[in-house]
Amino acid sequence: MKLYPSLLLFFVTYISWSQVLHSKDAIMDKQAKNAIRKAEKYIDSLQAKQDIPGISICIGNRERILWAQGFGYADLENGIGVTTKSRFRIGSVSKALTSLAMAKLYQQGKLDLDVSIQRYTTAFPEKKYPVTTRQLATHTAGIRHYKVTDPISCPKHYEKVTDGLVIFKDDSLLFKPGTGYSYSSYGYNLLSVVIEGASKTDFITYMKQEVFTPLGLKNTMADYSDSIVANRVRFYEHSDKKLVNAPMVDNSYKWAGGGFLSTPSDLVTTATKVLNGQFLDKKTVDMIFTSQKLLDGKDTQYGMGWRMGTDSKGRHIIHHGGVVEGGRTFVLLYPDQGIYLAITANMSGVSINLKEGEAIASYFLE
(Lines give C-alpha, C1' and ligand atoms only; values in the text may rest on other atoms or scores of the structure.)
Protein backbone atom coordinates (compact mmCIF):
# COMPACT_ATOMS: atom_id res chain seq x y z
CA MET A 1 0.00 0.00 0.00
CA LYS A 2 1.36 3.42 -0.98
CA LEU A 3 1.28 6.15 1.67
CA TYR A 4 1.27 9.75 0.50
CA PRO A 5 3.77 11.97 2.37
CA SER A 6 1.04 14.10 3.96
CA LEU A 7 -0.79 11.00 5.21
CA LEU A 8 2.41 9.48 6.52
CA LEU A 9 3.17 12.75 8.34
CA PHE A 10 -0.27 12.62 9.94
CA PHE A 11 0.32 9.12 11.33
CA VAL A 12 3.76 10.02 12.64
CA THR A 13 2.43 13.19 14.22
CA TYR A 14 -0.55 11.34 15.72
CA ILE A 15 1.66 8.72 17.31
CA SER A 16 3.94 11.44 18.65
CA TRP A 17 1.03 13.38 20.12
CA SER A 18 -0.30 10.28 21.83
CA GLN A 19 2.91 10.05 23.80
CA VAL A 20 3.37 13.70 24.81
CA LEU A 21 -0.14 15.14 25.06
CA HIS A 22 -0.66 16.74 28.49
CA SER A 23 -3.97 18.17 29.65
CA LYS A 24 -4.34 21.94 29.74
CA ASP A 25 -6.39 21.88 32.95
CA ALA A 26 -3.52 20.59 35.08
CA ILE A 27 -3.17 21.66 38.71
CA MET A 28 0.45 22.39 39.59
CA ASP A 29 1.52 23.66 42.98
CA LYS A 30 4.47 26.02 42.59
CA GLN A 31 6.21 24.63 45.64
CA ALA A 32 6.20 21.17 44.07
CA LYS A 33 7.38 22.20 40.60
CA ASN A 34 10.63 20.22 40.74
CA ALA A 35 8.87 17.05 41.84
CA ILE A 36 6.19 17.57 39.18
CA ARG A 37 8.79 17.96 36.45
CA LYS A 38 10.42 14.65 37.40
CA ALA A 39 7.08 12.88 37.71
CA GLU A 40 5.94 14.14 34.29
CA LYS A 41 8.99 12.60 32.67
CA TYR A 42 8.35 9.34 34.50
CA ILE A 43 4.71 9.22 33.36
CA ASP A 44 5.68 10.04 29.76
CA SER A 45 8.17 7.17 29.81
CA LEU A 46 5.67 4.80 31.43
CA GLN A 47 3.02 5.66 28.86
CA ALA A 48 5.36 5.22 25.90
CA LYS A 49 6.87 1.97 27.15
CA GLN A 50 3.50 0.27 27.68
CA ASP A 51 1.66 2.01 24.81
CA ILE A 52 -1.05 3.28 27.15
CA PRO A 53 -3.64 5.53 25.45
CA GLY A 54 -4.45 7.66 28.49
CA ILE A 55 -3.26 8.21 32.04
CA SER A 56 -4.48 10.54 34.77
CA ILE A 57 -2.68 11.25 38.02
CA CYS A 58 -3.17 13.23 41.20
CA ILE A 59 -0.93 13.77 44.21
CA GLY A 60 -1.90 15.70 47.30
CA ASN A 61 -0.86 16.35 50.87
CA ARG A 62 -2.86 16.93 54.04
CA GLU A 63 -3.86 20.42 52.92
CA ARG A 64 -4.34 20.48 49.16
CA ILE A 65 -3.81 18.88 45.77
CA LEU A 66 -0.22 19.40 44.66
CA TRP A 67 -0.52 18.03 41.16
CA ALA A 68 -3.29 16.73 38.92
CA GLN A 69 -2.85 16.13 35.20
CA GLY A 70 -4.01 14.06 32.27
CA PHE A 71 -1.70 12.39 29.73
CA GLY A 72 -2.62 11.08 26.30
CA TYR A 73 -6.06 10.21 25.04
CA ALA A 74 -9.40 9.47 26.64
CA ASP A 75 -10.79 8.65 23.19
CA LEU A 76 -8.35 7.72 20.42
CA GLU A 77 -10.91 7.60 17.62
CA ASN A 78 -12.08 11.15 18.21
CA GLY A 79 -8.77 12.59 19.38
CA ILE A 80 -10.10 13.60 22.81
CA GLY A 81 -7.38 14.09 25.39
CA VAL A 82 -7.47 13.03 29.03
CA THR A 83 -8.32 15.84 31.45
CA THR A 84 -8.41 15.92 35.24
CA LYS A 85 -12.17 15.36 34.99
CA SER A 86 -11.93 12.25 32.77
CA ARG A 87 -13.72 9.35 34.44
CA PHE A 88 -11.91 6.00 34.51
CA ARG A 89 -12.97 2.56 35.67
CA ILE A 90 -11.34 2.10 39.07
CA GLY A 91 -11.99 -1.62 39.50
CA SER A 92 -11.32 -2.92 43.00
CA VAL A 93 -10.52 0.53 44.35
CA SER A 94 -14.33 0.65 44.51
CA LYS A 95 -13.96 -1.47 47.65
CA ALA A 96 -12.24 1.42 49.43
CA LEU A 97 -15.29 3.61 48.75
CA THR A 98 -17.72 0.88 49.74
CA SER A 99 -15.89 0.40 53.04
CA LEU A 100 -16.60 4.05 53.87
CA ALA A 101 -20.34 3.46 53.51
CA MET A 102 -20.09 0.48 55.85
CA ALA A 103 -17.97 2.46 58.32
CA LYS A 104 -20.44 5.34 58.37
CA LEU A 105 -23.33 3.03 59.21
CA TYR A 106 -21.22 1.41 61.91
CA GLN A 107 -20.33 4.80 63.39
CA GLN A 108 -24.01 5.77 63.43
CA GLY A 109 -24.93 2.59 65.29
CA LYS A 110 -26.98 1.27 62.38
CA LEU A 111 -24.70 -1.65 61.54
CA ASP A 112 -23.23 -4.23 63.92
CA LEU A 113 -20.12 -5.60 62.24
CA ASP A 114 -19.96 -8.76 64.33
CA VAL A 115 -23.41 -10.31 64.05
CA SER A 116 -24.63 -12.59 61.28
CA ILE A 117 -25.43 -10.72 58.08
CA GLN A 118 -28.86 -12.39 58.16
CA ARG A 119 -29.88 -9.61 60.53
CA TYR A 120 -29.72 -7.26 57.54
CA THR A 121 -30.62 -9.46 54.57
CA THR A 122 -32.44 -12.66 53.74
CA ALA A 123 -31.20 -12.59 50.12
CA PHE A 124 -28.12 -14.64 51.02
CA PRO A 125 -28.80 -18.15 52.33
CA GLU A 126 -27.41 -19.26 55.69
CA LYS A 127 -24.28 -21.38 55.45
CA LYS A 128 -22.69 -23.97 57.70
CA TYR A 129 -21.15 -21.12 59.69
CA PRO A 130 -22.47 -17.58 60.26
CA VAL A 131 -20.87 -14.79 58.22
CA THR A 132 -20.40 -11.29 59.63
CA THR A 133 -20.05 -7.89 57.99
CA ARG A 134 -16.56 -7.47 59.40
CA GLN A 135 -15.52 -10.72 57.73
CA LEU A 136 -16.94 -9.60 54.37
CA ALA A 137 -15.04 -6.30 54.55
CA THR A 138 -11.75 -8.00 55.47
CA HIS A 139 -11.93 -10.95 53.03
CA THR A 140 -12.05 -13.46 55.88
CA ALA A 141 -15.63 -14.67 55.32
CA GLY A 142 -14.76 -17.57 52.99
CA ILE A 143 -16.77 -16.13 50.08
CA ARG A 144 -15.18 -17.16 46.80
CA HIS A 145 -13.73 -14.85 44.15
CA TYR A 146 -14.29 -15.07 40.36
CA LYS A 147 -14.26 -18.37 38.45
CA VAL A 148 -13.75 -18.76 34.71
CA THR A 149 -17.19 -20.35 34.51
CA ASP A 150 -18.97 -17.35 36.03
CA PRO A 151 -21.55 -15.83 33.65
CA ILE A 152 -19.94 -12.38 33.58
CA SER A 153 -18.20 -12.25 30.19
CA CYS A 154 -21.53 -11.87 28.40
CA PRO A 155 -22.90 -8.46 29.46
CA LYS A 156 -26.04 -8.72 31.58
CA HIS A 157 -27.62 -5.93 33.56
CA TYR A 158 -28.74 -6.53 37.12
CA GLU A 159 -31.36 -4.06 38.31
CA LYS A 160 -30.71 -4.67 42.02
CA VAL A 161 -27.58 -5.60 43.94
CA THR A 162 -29.44 -8.58 45.37
CA ASP A 163 -29.94 -9.93 41.84
CA GLY A 164 -26.18 -10.24 41.34
CA LEU A 165 -25.91 -12.65 44.27
CA VAL A 166 -27.24 -15.41 42.02
CA ILE A 167 -23.72 -15.88 40.63
CA PHE A 168 -22.26 -17.22 43.89
CA LYS A 169 -24.83 -17.34 46.69
CA ASP A 170 -25.43 -21.10 46.50
CA ASP A 171 -21.73 -22.01 46.67
CA SER A 172 -20.20 -23.36 49.87
CA LEU A 173 -17.82 -21.25 51.92
CA LEU A 174 -14.13 -21.81 51.24
CA PHE A 175 -13.38 -22.10 54.97
CA LYS A 176 -14.82 -21.34 58.37
CA PRO A 177 -15.08 -17.54 58.56
CA GLY A 178 -12.22 -15.97 60.47
CA THR A 179 -9.81 -18.87 59.92
CA GLY A 180 -8.49 -17.82 56.52
CA TYR A 181 -7.98 -14.92 54.14
CA SER A 182 -9.20 -15.11 50.54
CA TYR A 183 -9.63 -11.95 48.48
CA SER A 184 -13.19 -11.79 47.16
CA SER A 185 -14.97 -9.17 45.07
CA TYR A 186 -18.14 -11.18 45.57
CA GLY A 187 -17.74 -10.68 49.30
CA TYR A 188 -17.99 -6.94 48.68
CA ASN A 189 -21.00 -7.43 46.45
CA LEU A 190 -22.65 -9.13 49.42
CA LEU A 191 -21.46 -6.26 51.62
CA SER A 192 -23.46 -3.87 49.42
CA VAL A 193 -26.58 -5.91 50.15
CA VAL A 194 -25.87 -5.62 53.88
CA ILE A 195 -25.43 -1.85 53.47
CA GLU A 196 -28.84 -1.69 51.81
CA GLY A 197 -30.43 -3.62 54.67
CA ALA A 198 -28.79 -1.51 57.38
CA SER A 199 -29.48 1.83 55.67
CA LYS A 200 -32.89 0.89 54.25
CA THR A 201 -31.76 2.61 51.06
CA ASP A 202 -30.68 1.10 47.76
CA PHE A 203 -26.90 0.85 47.56
CA ILE A 204 -26.16 3.32 44.74
CA THR A 205 -28.45 5.96 46.24
CA TYR A 206 -26.79 5.52 49.63
CA MET A 207 -23.33 5.87 48.10
CA LYS A 208 -24.37 9.09 46.34
CA GLN A 209 -26.09 10.67 49.32
CA GLU A 210 -23.89 9.53 52.19
CA VAL A 211 -20.43 9.06 50.67
CA PHE A 212 -19.87 10.80 47.32
CA THR A 213 -21.74 14.03 48.06
CA PRO A 214 -20.42 14.61 51.61
CA LEU A 215 -16.86 13.99 50.37
CA GLY A 216 -17.36 16.36 47.43
CA LEU A 217 -16.72 13.69 44.80
CA LYS A 218 -18.25 15.25 41.70
CA ASN A 219 -16.81 12.74 39.22
CA THR A 220 -17.44 9.45 41.02
CA MET A 221 -20.39 7.26 40.08
CA ALA A 222 -21.51 3.81 38.98
CA ASP A 223 -20.24 2.71 35.56
CA TYR A 224 -23.64 2.47 33.85
CA SER A 225 -23.22 0.67 30.53
CA ASP A 226 -26.63 1.79 29.24
CA SER A 227 -26.22 5.51 29.92
CA ILE A 228 -24.44 8.48 28.42
CA VAL A 229 -21.80 9.47 30.97
CA ALA A 230 -20.02 12.79 30.54
CA ASN A 231 -16.21 12.57 30.52
CA ARG A 232 -16.14 8.77 30.64
CA VAL A 233 -13.04 7.58 28.82
CA ARG A 234 -13.03 4.87 26.16
CA PHE A 235 -11.51 1.56 27.17
CA TYR A 236 -8.74 -0.31 25.35
CA GLU A 237 -6.57 -3.41 25.37
CA HIS A 238 -3.77 -4.87 23.26
CA SER A 239 -4.40 -7.62 20.73
CA ASP A 240 -1.52 -8.86 18.57
CA LYS A 241 0.47 -5.84 19.76
CA LYS A 242 -2.21 -3.47 18.49
CA LEU A 243 -4.58 -1.28 20.47
CA VAL A 244 -8.21 -2.33 20.15
CA ASN A 245 -11.39 -1.55 22.02
CA ALA A 246 -11.84 -3.56 25.21
CA PRO A 247 -14.86 -5.89 25.26
CA MET A 248 -18.15 -4.41 26.36
CA VAL A 249 -18.97 -5.18 29.98
CA ASP A 250 -21.81 -4.43 32.38
CA ASN A 251 -20.48 -3.98 35.90
CA SER A 252 -23.88 -3.93 37.62
CA TYR A 253 -23.12 -7.33 39.16
CA LYS A 254 -20.23 -5.80 41.13
CA TRP A 255 -20.82 -2.12 41.89
CA ALA A 256 -19.36 -2.42 45.39
CA GLY A 257 -16.49 -4.72 44.49
CA GLY A 258 -15.32 -3.11 41.25
CA GLY A 259 -17.96 -1.13 39.39
CA PHE A 260 -17.34 2.56 39.99
CA LEU A 261 -15.97 5.32 37.78
CA SER A 262 -13.82 8.04 39.31
CA THR A 263 -10.88 10.37 38.85
CA PRO A 264 -7.53 10.48 40.66
CA SER A 265 -8.49 13.88 42.08
CA ASP A 266 -11.62 12.42 43.65
CA LEU A 267 -9.66 9.51 45.06
CA VAL A 268 -7.00 11.77 46.58
CA THR A 269 -9.73 14.02 47.97
CA THR A 270 -11.29 10.96 49.59
CA ALA A 271 -8.02 9.92 51.22
CA THR A 272 -7.30 13.44 52.44
CA LYS A 273 -10.69 14.00 54.03
CA VAL A 274 -10.86 10.55 55.60
CA LEU A 275 -7.36 10.75 57.08
CA ASN A 276 -7.99 14.34 58.23
CA GLY A 277 -11.05 13.18 60.16
CA GLN A 278 -13.45 15.15 57.97
CA PHE A 279 -15.71 12.19 57.19
CA LEU A 280 -15.42 9.65 60.01
CA ASP A 281 -14.25 9.92 63.61
CA LYS A 282 -10.73 8.83 64.52
CA LYS A 283 -11.80 5.55 66.09
CA THR A 284 -13.61 4.49 62.92
CA VAL A 285 -10.77 5.64 60.66
CA ASP A 286 -8.30 3.64 62.73
CA MET A 287 -10.56 0.61 62.41
CA ILE A 288 -10.69 0.56 58.61
CA PHE A 289 -6.96 1.20 58.33
CA THR A 290 -5.91 -1.49 60.81
CA SER A 291 -4.66 -4.78 59.42
CA GLN A 292 -6.93 -7.62 60.52
CA LYS A 293 -5.85 -10.82 62.23
CA LEU A 294 -7.23 -14.31 61.78
CA LEU A 295 -8.41 -16.40 64.71
CA ASP A 296 -4.94 -17.95 64.97
CA GLY A 297 -3.35 -14.49 65.21
CA LYS A 298 -1.95 -14.38 61.66
CA ASP A 299 -1.86 -10.88 60.18
CA THR A 300 -3.70 -10.53 56.86
CA GLN A 301 -2.08 -7.20 55.83
CA TYR A 302 -5.59 -6.04 54.88
CA GLY A 303 -7.88 -3.66 56.73
CA MET A 304 -11.35 -2.83 55.45
CA GLY A 305 -11.12 -1.98 51.76
CA TRP A 306 -7.41 -1.15 52.01
CA ARG A 307 -4.13 -3.06 52.03
CA MET A 308 -1.49 -2.32 54.66
CA GLY A 309 2.27 -2.58 54.27
CA THR A 310 5.61 -0.85 53.97
CA ASP A 311 7.47 0.53 50.98
CA SER A 312 11.04 -0.31 49.93
CA LYS A 313 12.39 2.06 52.60
CA GLY A 314 10.26 0.67 55.39
CA ARG A 315 7.76 3.53 55.46
CA HIS A 316 4.18 2.68 56.44
CA ILE A 317 1.83 2.70 53.45
CA ILE A 318 -1.85 2.11 52.73
CA HIS A 319 -2.72 1.10 49.19
CA HIS A 320 -5.11 -0.64 46.83
CA GLY A 321 -5.17 -1.45 43.15
CA GLY A 322 -7.95 -2.00 40.67
CA VAL A 323 -7.84 -4.22 37.58
CA VAL A 324 -10.83 -4.09 35.27
CA GLU A 325 -11.66 -4.46 31.58
CA GLY A 326 -10.07 -1.46 29.91
CA GLY A 327 -8.65 -0.01 33.08
CA ARG A 328 -6.05 0.06 35.82
CA THR A 329 -6.09 2.15 39.00
CA PHE A 330 -3.63 2.36 41.86
CA VAL A 331 -3.91 4.38 45.05
CA LEU A 332 -0.97 4.82 47.42
CA LEU A 333 -1.11 6.66 50.75
CA TYR A 334 1.73 7.67 53.03
CA PRO A 335 -0.23 8.59 56.18
CA ASP A 336 2.81 9.49 58.29
CA GLN A 337 4.27 11.80 55.65
CA GLY A 338 0.89 13.06 54.45
CA ILE A 339 1.41 12.28 50.76
CA TYR A 340 -1.44 10.69 48.80
CA LEU A 341 -1.31 9.45 45.19
CA ALA A 342 -3.84 8.06 42.73
CA ILE A 343 -3.24 7.07 39.12
CA THR A 344 -5.58 5.66 36.48
CA ALA A 345 -5.19 4.29 32.95
CA ASN A 346 -7.74 3.33 30.28
CA MET A 347 -6.22 0.05 29.13
CA SER A 348 -6.26 -3.56 30.28
CA GLY A 349 -3.01 -5.18 31.34
CA VAL A 350 -1.27 -1.99 32.46
CA SER A 351 1.59 -2.50 34.89
CA ILE A 352 1.15 0.27 37.43
CA ASN A 353 1.74 -1.26 40.82
CA LEU A 354 3.47 -0.47 44.08
CA LYS A 355 6.85 -0.14 42.37
CA GLU A 356 5.60 2.52 39.96
CA GLY A 357 3.51 4.26 42.61
CA GLU A 358 6.44 4.47 44.99
CA ALA A 359 8.71 5.81 42.23
CA ILE A 360 6.31 8.69 41.53
CA ALA A 361 5.62 9.39 45.19
CA SER A 362 9.35 9.48 45.95
CA TYR A 363 9.72 12.78 44.09
CA PHE A 364 7.24 14.40 46.45
CA LEU A 365 8.51 12.66 49.56
CA GLU A 366 11.92 14.21 48.92
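The values are calculated or read from the model by the stated rules, or taken from the named source; none is laboratory data. This one's a predicted model, so the numbers in the text were calculated from it and none came from an experiment. We place every Cβ from the backbone using ideal geometry, glycine too, and count neighbours over all the protein chains shown. Remember, those area values only see protein heavy atoms, side chains included, never the ligands or the DNA or RNA. Shrake-Rupley method; radii C 1.70, N 1.55, O 1.52, S 1.80 Å.
Some observations on this one:
- Matching residues, the stretch 187-215, being more than 17 Å from Tyr120 (Cβ to Cβ) and open to solvent by less than 20 Å² (accessible area, probe 1.4 Å): Val211, Phe212, Leu215
- Meets criteria (in a loop (DSSP other than H, G, I, E, B), in contact (Cβ under 8 Å) with a residue 24 or more places away in the chain and farther than 21 Å from Ala246 by Cβ) for Thr121: yes
- Residue selected from the stretch 18-58 under the condition within 19 Å of His238 (Cα to Cα) and modelled with pLDDT under 90, by the criterion surrounded by the most Cβ atoms within 10 Å (Cβ to Cβ): Ser18
- Pick from the stretch 62-86, criterion assigned to a loop (DSSP other than H, G, I, E, B) and touching a strand residue (DSSP E or B) at 6+ places or on another chain (Cβ under 6 Å), ranking: surrounded by the most Cβ atoms within 10 Å (Cβ to Cβ): Val82
- Remark: Asp240 matches the filter, which requires a residue to be surrounded by fewer than 20 Cβ atoms within 10 Å (Cβ to Cβ), modelled with pLDDT under 95 and not basic (Lys, Arg).
- Matching entry among Tyr334, Tyr340 (being free of Cβ contacts under 8 Å to residues at least 40 places away in the same chain and open to solvent by less than 10 Å² (accessible area, probe 1.4 Å)): Tyr334
- Residue match in the stretch 303-314 (condition: buried (at least 20 other Cβ atoms within 10 Å of the Cβ), out of contact with any Asp or Glu (no Cβ under 7 Å at 6 or more places or on another chain) and of a type in the set (Phe, Trp, Tyr)): yes
- Unique residue being among the polar types (S, T, N, Q) and under 23 Å from the mean Cα position of the chain (by Cα) when the list is Thr140, Thr149, Thr132, Thr122: Thr140
- Only residues that are touching a residue at least 24 places away in the same chain (Cβ under 8 Å) and assigned to a helix (DSSP H, G or I) were counted in the stretch 213-234, giving 2.
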